[in-house]
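Encoded as C-alpha cells, the structure appears first; notes follow it.
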Amino acid sequence: MRIEFLGGVGTVTGSKYLLEHDGRRLLVDCGLFQGLKQLRLRNWEPLPIKASDIDAVLLTHAHIDHSGFVPRLVKLGFKGPVFCSGATRDLCELLLPDSGRLQEEEADFANRHGHSKHKPALPLYTQEEASAALKRFEAIPFDEEQSPWPGWSWRLKRAGHILGAASVHISWTGGSILFSGDLGRSDDLVMRPPESPEQADYVVVESTYGDRLHRDVDALMVLADVVNRTAARGGVVVIPSFAVGRAQTLLHCIHLLKQARRIPDMPVYLNSPMAADATRIFRHHLDEHRLSAEQCAAMSKHVTIVNTVEESKRLNTLTFPSIIVSASGMATGGRVLHHLKAYAPEARNTILFAGFQAAGTRGATLVGGSESVKIHGAYVPVRAEVANLDTFSAHADREQLLAWLGGLRAPKRVFVTHGEPVAADALRLAIEERHGWPVTVPEYLESRKL
C-alpha cells in the first residue's frame, strides 16, 4: 500500500489522500483548498494522477474542504463511485450545487466589475456540473464492512462533528489504516461524541485544534453577552456561519436563550436557504445528534428564512436590533459578504464568528483585528465589534484528540494532517510525549509506502 498526501497538509483545507494497492486507487476525501491564494490556486492545478485512473472516492463528511473537489474531479474525467454515509450524501446534495452556484456568481461578479486578472474569470465548476456529479454518490451504512475489491475492505464509524461525519477504517491484505476525518467534541451541544477508534497499523489524524484547548465557559452565556450588548447599542449581529452544523447549533442556542428570556425577542434571519434545508435533514437523522424532532422544529420556528436575492438585499438596511445568520462560516463567499459590507463600517454592530478561521480567509483577517477587509475588489472599513465564539467549534481540541487516540494500541506510525503548521506540530509533539508513538507531519504531495 502507498499513500500520497494530495491535500489537507500544512492547512485545514483541501483534504485528499490517495491510496494505491494491488492495481486499485482510492481517494479518501476530495476537498477544495480555501483561504490563502496560493492554496486556492491548487484547485486549478493538475493532479499528480489522471482523474480517470482513480477507481473510487470515499468521503469522511460533507464539508466543502472534504467534498468540494468532487465535481471538479468528475469534470477532469473521474468515472467511479463516491462512497459516503447517508447523511453525507444528503448534505452534499445541498452543498455541492450551492458551491457551483457561488463560483458562477463570483465569476460573473468579477467579470461585470472587472476586479479579476482573468479575462474572463471562470468558475471551477458550475451548479449544473455539481448536480451531475451527485449521480456518482453511493451511500453506505455505518459499522458494516464493505469489500468492493479483492483484498480491500473498509468500514465507517461515527465521528461526531456534523451529520454523517465518519472515521474510516481501511484494510488490505497485510495491513490497515485509520482516517479520523474531522472529529467532533465529546461535549458538543448538538452532535453526539465520536465513537471509539478501531485498531489499525497506521493512523491519519486531524489537528485543527491540535495546539489548544477549548475554553471551559458557558457557550450560551457568552452568546447572550454578545447579543445583549449589541442590542443595547441598537445594532445588528451578523454571524457568518457554516450552513451545515454550525447554523443549526446557533439557531438552537438562540431559541434556548429567547425561551429563557436571556436575550431580547429580536428578529432572527437565516439568510441561507441551504442552511434551512440542512435543518430539515437533521429531522431525518435523529440517531446522529442530541436533539429531538420537537427541538429540531423549534430551532427555526420563529426564524425568518430568507430565500430571494431581493429579500437578502433588504436585510442590509435594518435599523433595529436583529440577528442575521448567513453563510459562509469563514466569510470566503456567499450572501454574508454583502452583510459585512453593510454592517462592518458601523460601531454599533457586531460581526460574530463561531469557530475556527483558516489562514488567508476574511474571517481570519477580521478576527485578527484588521481595520479593513477586502470584499468584491474593494476595502471595507471595520468599525463594528468583531468577536469569535470558538466555544462553538465542532472540532475536538488537543486533549480530546489525544483521548480518542488513547483508545488505540500503539500503531506503527501516526500521520498528523488537517491543521495549520503550528497546530499540527504541537499535536505531533503531544502524541510523542503522551503515547510514545512514531509521528510524522507529512508535506504536500509526500508519498509513503505502508
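So here's what we get for this one:
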read-out	value
Failed item in (1) surrounded by fewer than 24 Cβ atoms within 10 Å (Cβ to Cβ); (2) within 22 Å of Ala424 (Cα to Cα); (3) touching a strand residue (DSSP E or B) at 6+ places or on another chain (Cβ under 6 Å), with Asp55 passing the rest	(2)
Residue that is surrounded by the fewest Cβ atoms within 10 Å (Cβ to Cβ) [pool: residues in the stretch 428-441 that are touching a helix residue (DSSP H, G or I) at 6+ places or on another chain (Cβ under 9 Å) and closer than 12 Å to Arg413 by Cα]	Pro438
Tally, over the stretch 362-379, of residues that are aliphatic (A, V, I, L, M) and part of a strand (DSSP E or B)	3
Residue tally, condition in contact with a helix residue (DSSP H, G or I) (Cβ under 6 Å, 6 or more places away or on another chain) and closer than 26 Å to Ser186 by Cβ, over the stretch 279-306	9
Boolean, Trp172 is crowded, with 16+ Cβ neighbours inside 10 Å and farther than 30 Å from Asn271 by Cβ	yes
Condition broken by Ala107, with the remaining ones in (1) within 19 Å of Gln34 (Cα to Cα); (2) in contact with a strand residue (DSSP E or B) (Cβ under 9 Å, 6 or more places away or on another chain); (3) not charged (D, E, K, R) satisfied	(2)
Meets criteria (under 30 Å from His284 (Cα atoms) and in contact with a helix residue (DSSP H, G or I) (Cβ under 8 Å, 6 or more places away or on another chain)) for Gly160	no
Test: residue in the stretch 125-136 that is surrounded by 17 or more Cβ atoms within 10 Å (Cβ to Cβ), of a type in the set (S, T, N, Q) and in the same structural domain as Arg72 (by TED's automatic domain parsing)	yes
Pairs where the first residue, in the stretch 245-268, is more than 19 Å from Ala394 (Cα to Cα) and assigned by TED's automatic domain parsing to the domain that holds Ala87 and the second is among the aromatic types (Phe, Trp, Tyr) and assigned to a helix (DSSP H, G or I), C-beta under 8 Å, 6+ apart	none
Residue match in the stretch 108-115 (condition: more than 28 Å from Gly245 (Cα to Cα), in the same structural domain as Leu401 (by TED's automatic domain parsing), crowded, with 18+ Cβ neighbours inside 10 Å and under 26 Å from the mean Cα position of the chain (by Cα))	yes
Subset of the stretch 70-100 [surrounded by fewer than 19 Cβ atoms within 10 Å (Cβ to Cβ) and over 18 Å from the mean Cα position of the chain (by Cα)]	Lys75, Leu76, Gly77, Lys79, Pro81
Some residue of the stretch 412-431 being free of Cβ contacts under 8 Å to residues at least 12 places away in the same chain and more than 30 Å from Asp22 (Cβ to Cβ)	yes
Subset of the stretch 160-184 [assigned to a loop (DSSP other than H, G, I, E, B) and touching a His at 6+ places or on another chain (Cβ under 7 Å)]	His161, Ile162, Leu163, Gly164, Ala165, Gly181, Asp182, Leu183, Gly184
Checklist (1) part of a helix (DSSP H, G or I); (2) in contact (Cβ under 8 Å) with a residue 40 or more places away in the chain applied to Gly407, failing item	(1)
Where a residue in the stretch 132-155 is within 17 Å of Phe179 (Cβ to Cβ) and its partner, wherever it lies, is among the small types (Gly, Ala, Ser), with Cβ under 6 Å and at least six apart	Glu145/Ser153; Ser153/Ser147; Ser153/Ser171
Set Ala243, Ala224: member being at pLDDT below 95 and either crowded, with 22+ Cβ neighbours inside 10 Å or not in a loop (DSSP other than H, G, I, E, B) (or both)	Ala243
Wholly enclosed helices (runs of 4 or more DSSP H) of the stretch 281-361 bearing at least 1 residues in the same structural domain as Asp265 (by TED's automatic domain parsing), touching a residue at least 12 places away in the same chain (Cβ under 8 Å) and of a type in the set (D, E, K, R)	309-314, 336-343
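The values are calculated or read from the model by the stated rules, or taken from the named source; none is laboratory data. All of these numbers come straight from a predicted model, not from anything done at the bench. We place every Cβ from the backbone using ideal geometry, glycine too, and count neighbours over all the protein chains shown.
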